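Below: one structure, written as structure tokens.
The values are calculated or read from the model by the stated rules, or taken from the named source; none is laboratory data. It should be emphasised that the depicted structure is a prediction, and the values quoted were computed from it without experimental measurement. Neighbour counts run over all protein chains shown; Cβ positions are idealised from the backbone, glycine included.
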Amino acid sequence: MDKTADSTLECCQQFCPLKHYFQIMQHWNIRVQGKVQGVGYRAFVQQVAQALGVTGFVRNQPDGSVYLEAEGEEPILKILVERCKKGPSQAQVSGVETRMGSVQDFDQFVIQR
């Protein structure tokens, strides 16, 4: 793209009410540590993800952590991570790690068993 096109796109992204259409779908791998199993954590994550329009999955890990892969636009994924840091009332989250992955084009958010 030339500089004019770059500046036009930048302007549109800042002021256009449809600026979310310019966001790029991202895939985040998220690991949550602490007291996060047996407290409704996966159902909590699924509910938050579905409310945000995020797709992917969540599952318990053998080490006691919870692992999720989530796809959505960056601002929405940041909200999901913030909610993961709090968790449901019975959870005690001690850490949340995130890293980017390759988009898988999930079509819903599910609990894996």
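Under the condition of being more than 14 Å from G40 (Cα to Cα) and outside any strand (DSSP E or B), the residues counted in segment 58-69 number 3.
Here's the yes/no breakdown for (1) in contact (Cβ under 8 Å) with a residue 12 or more places away in the chain; (2) surrounded by 15 or more Cβ atoms within 10 Å (Cβ to Cβ):
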| position | (1), (2) |
| --- | --- |
| Q33 | yes, yes |
| A43 | yes, no |
| T55 | yes, yes |
| D63 | no, no |
| A70 | yes, yes |
| K86 | no, no |
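Among the numbered conditions (1) surrounded by 13 or more Cβ atoms within 10 Å (Cβ to Cβ); (2) without any contact (Cβ under 8 Å) to a residue 12 or more places away in the chain, the only one that I111 does not meet is (2).
Within segment 64-92, being within 11 Å of K35 (Cα to Cα) and at pLDDT below 95 holds for no residue.
Restrict the check to segment 6-14 and report whether at least one residue is surrounded by fewer than 18 Cβ atoms within 10 Å (Cβ to Cβ) and either modelled with pLDDT of 55 or more or within 26 Å of Q104 (Cβ to Cβ) (or both). Yes, that holds for at least one residue. Here is the figure for segment 72-84: residues that are more than 15 Å from Q50 (Cβ to Cβ) and in contact (Cβ under 8 Å) with a residue 12 or more places away in the chain total 4. Across segment 88-104, the qualifying residues are those that are of a type in the set (G, A, S) and touching a residue at least 12 places away in the same chain (Cβ under 8 Å), and the one among them that is surrounded by the fewest Cβ atoms within 10 Å (Cβ to Cβ) is S102. Residues in segment 15-57 that are among the hydrophobic types (A, V, I, L, M, F, W, C), modelled with pLDDT under 95 and not in a helix (DSSP H, G or I): C16, L18, I24, M25.
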